[in-house]
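The numbers here are math on the coordinates, done by the rules we state, and not lab data. Predicted model, so just to flag it, every value in this text is computed and none were measured. Every residue, glycine as well, gets a Cβ built from its backbone with ideal geometry; the counts of neighbours run over all protein chains shown.
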């Protein structure tokens with residue numbers, strides 16, 4: 001996405017089960033000019049990744065429902081960049 005200056009905004013996906021952490025990361029990164037999406041767990045992140053291909057994913061290491069390692073494995077298999 002263009003930021004109006006001709007530069008592309010980098011997309012970041014923040015995955016954390018704690019809302020306060022997601023909000024803080026999102027605000028700080030948006031303030032720096034990044035396009036930020038958030039997800040509350042690995043499953044939510046995988047759903048968002050169907051419509052969003054981020055440049056960077058910042059993920060909590062210890063989440064309920066799906067660990068960060070399982071999330072990374074699923075993402076590696078499903079990512080269009082891996083094909």
A correct fewest-to-most ranking of 56, 14, 77 by other Cβ atoms within 10 Å would be 77, 56, 14
Going from the fewest other Cβ atoms within 10 Å to the most, one would list 16, 60, 55, 44 as 55, 44, 60, 16
Taking 59, 20 and counting other beta carbon atoms within 10 angstrom, the fewest-first order is 20, 59
